[in-house]
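Chemist: The structure follows.
What follows draws every value from the coordinates through simple rules; no lab data is involved. Being a predicted model, the structure only gives us computed values, none of them experimental.
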Amino acid sequence: MTKRFGFTLAEVLITLGIIGVVAAMTIPTLISNTNGAQFKSAYKKALSSLNQAVLMNVAMEDTDFSTLKDDSASTNGNHIAGSLGAMLEERLQSATDVSSTYVSEVTANVGAANLPKGNVEVTVECTEDDATAAESATDGTAEAVCKGVTGFDADTTVIEKTSTINIAPADGSFFVYALADGTYFGFKKDASNCTKGNLGCIGFIDVNGSTNPNTVIACDSGTGLGSGQDGAADAACEVSNSNVKDIYPVMFYGQTVEPASDAARTVLFGK
């Protein structure tokens, strides 16, 4: 009786075929998860760098975002003293103004129709004092955003109020800066006097510059953190590792840079 000590060609081909099918099914997910982890890490690092910059400005100049000057009239990269652009160049000396090239680079990658854009729901935490303060509806303060919110009681001292901001750097209303680690920080040119709730003081972090996917982070499911406007319940936002994107809306006020949307908050504070 003859014994075989090897495999036939057919057996080898079948095995290789099975391995190929499994690899085709799993490798894209692995790559997506890896990219997601890298995006998360870069996002958190950029937030840390920006917060350190404003704290340094507080220590050196005794000023923070609440004293920012409107920079929309600056020309040729000559930022107005006291503006956010001037602060970045002073406190993050490796920061480079790439406003003139960002949109064209992104356009080359994704096409003009797919430039980062869209309305983002921004959440402001309202107190009863905010809701009852006699402020105008257009002064950009937390009181203006929260005016008229009801539902406060002994157990509910903070209620979320959502407003809409538009992330659209292609419209020319944003400055974009490249930071030392390759992340980009974009912000409204006319951001000024940035106190909590001022929806003019918004921007975005693009964790990989003009490289794809150039997509604003969004919830896979859910729309909030569990408690919505006027105390109404909403489903918690969820963002799967495979769906983590590279652009994160942020708000800056006082001495803080923080996530501006539920999806951006979920990525920051999630596992």
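Chemist: Pairs of Cα atoms under 8 Å, at least six residues apart: use those to get the relative contact order of the range 154-198, whole percent. Let's see the in-between values first.
Modeler: Details: 24 pairs, mean separation 10.9, N = 45.
24 percent.
Chemist: Working out 0.36 nm times the residue gap between Glu61 and Thr8, then minus their Cα-Cα distance, what length gain in nm do you get to one decimal?
Modeler: Gain in length upon complete extension: 11.4 nm.
Chemist: Of Lys147/Lys188; Lys188/Lys245; Lys147/Lys245; Lys44/Lys196; Lys161/Lys245, which pairs sit farther than 27 Å apart, going by alpha carbon to alpha carbon?
Modeler: Over 27 Å apart, Cα to Cα: Lys147/Lys245.
Chemist: List, in order, the whole-Hz ³J(HN,Hα) value for each residue of the range 194-207 obtained from phi through the Karplus relation with A = 6.51, B = -1.76, C = 1.60 and θ = phi - 60°; use x for Gly and Pro.
Modeler: So the J values, rounded to whole Hz, are 7, 10, 4, x, 6, 6, x, 9, 10, x, 8, 10, 9, 6.
Chemist: Quick one: which residues, 5+ away or cross-chain, put their amide H under 5 Å from the amide H of Ala218? H built at 1.01 Å from N.
Modeler: Counting only residues 5 or more places away or on other chains, the set is Lys245.
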